[in-house]
Amino acid sequence: MSRRTAAGRLVPMLVVLSAAAFAPTAQAAAFDTFSSTGSLTVARWFGASILLNNGKVLITANSNGSGSMASSELYDPASGLFSLTGSLSTKREDPTVTLLGNGKVLLAGGYNNFTYLSGSEVYDPATGLFIATGNMVAGRSAASAALLANGKVLIAGGENSDGYLKSAELYDPVSGTFTATGSMARVRSTDTATRLKNGNVLISGGKNSDVPLLGTELYNTANGTFTSTGDMSAPHIYGVTSLLANGKVLIAGGCFADYSNTTVAELYDPSKGTFKATGSLTPGLNSASSAQLPNGKVLIVGGYDGTSDVTTAKLYDPATGVFSTSAGRLTDARDSARAVMLKTGKVLIAGGGNDGTALTSAELYTPTPPAKPGKPVVKWATNKKKRLVTATVNLVNGTTYKLTAKLGRKTKNGKCKTKGAKVVCTLAPGKGKWKFSITPHNLGGNGPANGKAIKL
């Protein structure tokens, strides 16, 4: 991905959509504030920051502002310090970077010194090393990527020496190989890929040469094909994209073909396949970063407002459709820094650029935690033939639910899935008179359970 600097040079960016698990933790007293944390070992701009399963953050595939880098480092939230880890086997900028289901990280493609790369490598947190894996079907940079429910990785679009691409491929972590899959309806680069709650992938934004694309498309994981879906109302080159708890997708900010910014924000509704305007991101920003917070809001930080890099921080509230400034301001103006939601509930923003200079500084955002959830109002249903119990509750942003059943010393746990505005939990514990309970919990603490005795 790239953005035109004041001097007119195109410099790369990488949008990393990473998922994070949240665990209860003690929070500082000052909420909605930014505070400095340790400094990077070297200045880093662009590239990827991605949360590992062990709670640390890998920062890799960076530039120092003038060239690609092989070095990588880890941020440890426990100490607040950065330390070097293994180096990339190949210097690369603008690859796709994806956390795999096995906890390793795939880096595929990118470029180095204007040479497009087809090689890929995997980072293993257990050893701290990058190991080469299969070659891509087509070398590509500025592509989009998404981890699929089956554990494979979809990589779509991008560009190489042949031009802009509409081809796509799948990486299989079991075999370590890439295979071609269906092609997109349009060639596009600097697009984003968002895996929806139904498992399909929304491909949005991007451009064809310097022409921004309004049309979006869906990748169907069942048959490996792309189909066109709704059109956005404005271009969002280098905007932010975030999957909300309600299953909709927020796309905000970015710029037009002439690199003037847009304040437009819109929501994609998978159930209708359409976009609808929501709020206004003022000032318009490109090269900002975003993170989905445990309280359901979206944090948008930094970026370029058309004149300079900014300390701007905005909060988008899906409940009201409004962007507010209640998040405070960054301690340092920066663009193209990746915001990463930590398991502590805080957000790490490290490196980035300020007026063309790569930064070593990093900071933490402490959000207001979700309120302690109240007792859930549950609709219980029983399928006696299957000995299946279903508990349905209303979706509350930032709150998850756990369904359990107890019979004597036996305890069994159910599965919960979000379906539209509801959370549906199911459990088939077996024969007997079980005591079922569904308990809400979030970073603010656990709420009281709603229980029911059911004979199966």
Gyration tensor verdict on segment 44-104 (Cα atoms; rounded if a/c is under 1.5, prolate if a/b is larger than b/c, oblate otherwise): oblate
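Can you check what the net charge comes to around residue 291, using other residues whose Cβ is under 14 Å from the Cβ of residue 291 (Lys, Arg +1; Asp, Glu -1)?
Within the 14 Å Cβ shell, the charges total +3.
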Potential extension, residue 132-residue 39 segment - 0.36 nm per residue separation minus Cα distance: 30.6 nm
How large is the charge dipole for the chain, taken about the Cα centre, if only the Cβ atoms of Lys, Arg (+1) and Asp, Glu (-1) carry charge, to the nearest 20 debye? 3580
Positive-end residue, the chain charge dipole about Cα centroid, Cβ charges, pick of 456, 135, 436: 456
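Rank these for me by crowding, 81, 285, 293, 148, going from fewest to most other beta carbons within 10 Å. Don't skip to the end; give the middle numbers.
Numbers: 81 14, 285 30, 293 27, 148 17.
Placing the least packed residue first, the sequence is 81, 148, 293, 285.
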Footprinting exposure proxy for 136, 232 (fewest neighbouring C-beta atoms within 10 Å first): 232, 136
Mean separation of Cα pairs under 8 Å and 6+ residues apart, divided by the residue count of segment 301-435: what relative contact order is that in percent? 14
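For a Förster distance of 51 Å, can you work out the FRET efficiency between the beta-carbons of residue 174 and residue 307, rounded to the nearest 0.05? Mind showing how you got there, number by number?
On the way: r = 49 Å, r/R0 = 0.96.
Working from the Cβ atoms, E equals 0.55.
Looking only at Cα atoms, what is the convex hull volume of segment 379-455 per residue, in Å³?
Working: hull volume 6.7 nm³, N = 77.
Enclosed volume per residue, from the Cα hull, is 87 Å³.
For the chain, what does the relative contact order come out to in percent, with C-alpha contacts under 8 Å and a separation of six or more? Mind dumping the intermediate values first?
On the way: 1347 pairs, mean separation 56.0, N = 456.
Relative contact order here is 12 percent.
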Furthest towards positive pole of dipole, 447, 383, 175, structure part the chain, Cβ charges: 383
Would you tally the net charge around residue 37, using a Cβ to Cβ cut-off of less than 11 Å, leaving residue 37 out, and scoring K and R as +1, D and E as -1? -1
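Would you mind putting 331-340, 82-91 in packing order, based on average other-beta-carbon counts within 10 Å, highest first? Walk me through the numbers before you get to the answer.
Details: 331-340: 25.0, 82-91: 17.6.
Output ranking for 331-340, 82-91: 331-340, 82-91.
May I ask you to order 238-249, 308-319 by the average number of other C-beta atoms within 10 Å around their residues, highest value first?
On the way: 238-249: 22.4, 308-319: 19.7.
Answer by packing, highest mean first, reads 238-249, 308-319.
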Gap separating the Cα centres of segment 52-95 and segment 347-406, nearest whole Å: 27
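Which order results if 425, 416, 255 are arranged by neighbouring Cβ count within 10 Å, fewest first? Could the numbers behind the result be given before it?
On the way: 425 21, 416 17, 255 24.
Arranged by neighbour count, lowest to highest, 425, 416, 255 become 416, 425, 255.
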Cysteines in the chain that, by Cβ-Cβ distance, have no pairing candidate under 4.7 Å: 255
Two-site label geometry, residue 32 and residue 406: point separation in nm, points 7 Å out along Cα→Cβ: 3.9
Answer with one residue from 60, 200, 187: the one whose Cα lies farthest towards the positive end of the charge dipole of the chain, charges on Cβ with Lys, Arg +1 and Asp, Glu -1. 200
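Bear in mind that the values in this text are calculations on the coordinates, not laboratory data. Just so it is clear, the model here is predicted, and its values are computed rather than measured. Note that each Cβ is placed from the backbone with ideal geometry, even for glycine, and that neighbours are counted across all protein chains shown.
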